[in-house]
Amino acid sequence: MMKTLALSTSILALASSAVLAGGLDRSGQSISAIFSAPGSTSVSFGAVKPSIKGTDTAGNSYNVGDAYQQYGYSYTGGKADAFSYALIIDQPYGANVTYGNSPLTSTLGGTMADLSSHAATVVGRYALSSRFSVLGGISLETVEGTVNLNGTSYRGAISAAAVAKGFNASLPSGATELSSATLGAAALGDTTAQTAIDTTYGAGTFATLAGSLGTTATNFATNDGYKFNMKQDTSVGFLLGAAYEIPDIALRLAASYRFETDHSAATTESMLGLSSVPGTVDYVTPQSFNLDFQTGVAKNTLLTANFRWTDFSAVDVVPTLLGSDLVNIDDSYRYSIGVAHRFSDQFAGTVSLSYEEAGNAATVSPLGPTDGLYGLTVGGRYSKNNVNISGGLNYTWLGAANAGVGGQTAASFGSNSAVGAGLKIEIVF
């Protein structure tokens, strides 16, 4: 009875995990399918519509969150009392952000990110006893993406970096190099920074650099900003885990750890009149840890809880031409708690709350302009013979944040939210 009810809690993740979780997280990389009955096959679909609205320092308005879909598949085989295995197909990471408005008159107009990923994971589970089991798995992960940086904020920051780099190349060996941040601040009218440049490098240096900045900024604007395309790359990843269960009360504590996965992708970049410059970028998709708990708390009632940590701070994508990190995201810590109740042999309902703490940084990346979240998911499952149909709806409140470039606020985002819906069909053969 309780064990059957436990299967219905999978819909809690169906709508909520697809919403804008921490960093680039999308699926949550659940391995819950390994605990399904052998012969279980499922397909799932989720759709998410974010509303991320903000205003830049020039007074332009944005709504940058693009709608997207999530797909999933799983199959569980083997013998439940000894060895079982599961094939899980999901989309672990993603980003869909687009800034409208003219890049000539808005701070971030023309900026966008489109990242997609797919993974096929095979997980094996071996029962050491009726209560303890160990887990291991291997995955094949594919990632690709496109990023454009544009608008007056990126124009100023990237132009300052380019001019500072050229200026530093002309300095004698051992001389103090000019930082792009100092030059950028000086260009924005910071008289202290202007004086510091002239004091360090000689009177009139800033005036000369300001002329170079104007020319470079015009070049940036007329060549449609910075464009980056990362070709598809496929790599192998690994996971380990363990579980403790008391089947009579539907208690399960399962832990799974995924190692970071190395990628190396071919790229093209264009900027400042340089068109389609080829290159290579090495990066990792992050290590992560999932802790899943459930237990029966009353007749036909199940309590669930989940914790997920994702090491996004270790993810750096530094293209050759740009020379700076495109990701720049803090680690993600996500918590959720839920309750499932079976009202009849055919119908069960669920409700879940999710939470990610805000980092409260002064600025965040414009490619992810929210900070923290609260989410509510409700769902239900209908069972008939060997078919289970689950559905869920999620509403998530996304935390306000200042999107910044070079540490300077470019736009402020508040009253952010996302709505998600999910459907899952499971057949037990």
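The values are calculated or read from the model by the stated rules, or taken from the named source; none is laboratory data. Here the structure is a predicted model, which is why all the values come from computation and not from measurement. Heads up, the Cβs are rebuilt from the backbone with ideal geometry, glycines too, and the neighbour counts pull from every protein chain shown. Side chains included, ligands, DNA and RNA excluded: accessible areas come from the protein's heavy atoms. Shrake-Rupley method; radii C 1.70, N 1.55, O 1.52, S 1.80 Å.
The string of couplings for the range 52-61 from the Karplus curve (6.51, -1.76, 1.60, θ = phi - 60°) is 10, 10, x, 9, 8, 6, 9, x, 7, 9 Hz, one whole number per residue in order, with x for Gly and Pro.
When the GluC sites (Glu not before Pro) in the range 89-179 are filtered for DSSP coil states and for at most 14 other beta-carbon atoms within 10 Å of their beta-carbon, the remaining sites are Glu177.
Comparing Leu367, Leu398, Leu128 in a Gaussian network model of the chain where C-alpha atoms under 10 Å apart are linked, the largest mean-square fluctuation is found at Leu128.
Entry note, the range 209-351: relative contact order of 18 percent, from Cα contacts under 8 Å with a spacing of 6+ residues. Rounded to the nearest Å, what's the spacing between the alpha carbon centres of the range 77-139 and the range 148-199? Just the number, please. After rounding, the separation between the Cα centres reads 40 Å. In a simple Cβ point-charge model (Lys, Arg +1; Asp, Glu -1; nothing else charged), the range 325-402 has a dipole of about 600 debye relative to its Cα centre. For the chain, a crude dipole built from +1 on the beta carbon of Lys and Arg and -1 on the beta carbon of Asp and Glu, taken about the Cα centre, is about 1320 debye to the nearest 20. The fraction of accessible area contributed by carbon and sulfur in the range 68-148 is 63 percent, rounded to a whole number (1.4 Å probe; ligands and nucleic acids excluded). Rounded to the nearest 10 degrees, the angle from helix 152-169 to the longest Cα principal axis of the chain is 60 degrees.
Roughly how compact is the chain, stated as its Cα Rg over 2.2 N^0.38 Å to two decimals?
1.13
Within straight-line reach of Lys424, meaning a Cα separation under 20 Å, sit the following lysines at least 8 residues removed in sequence or on another chain: Lys3, Lys49, Lys384.
Think of a 1.4 Å ball rolled over the protein heavy atoms: the chain then has 44 Å² of accessible area per residue. Calculate what fraction, in whole %, of the accessible area of the range 189-266 sits on carbon and sulfur atoms when a 1.4 Å probe is rolled over the protein chains. Carbon with sulfur: 57 percent of the solvent-accessible area. Farthest towards the positive end of the charge dipole of the chain, among the residues Asn148, Asn360, Ile89, is the Cα of Ile89, using unit charges on the Cβ of Lys, Arg, Asp and Glu.
Sorting the segments 58-65, 417-424, 353-360 by their residues' average number of neighbouring beta-carbon atoms within 10 angstrom, most packed first, yields 417-424, 58-65, 353-360. Accessible area of Thr98 (1.4 Å probe, protein heavy atoms only, ligands and nucleic acids ignored): about 60 Å².
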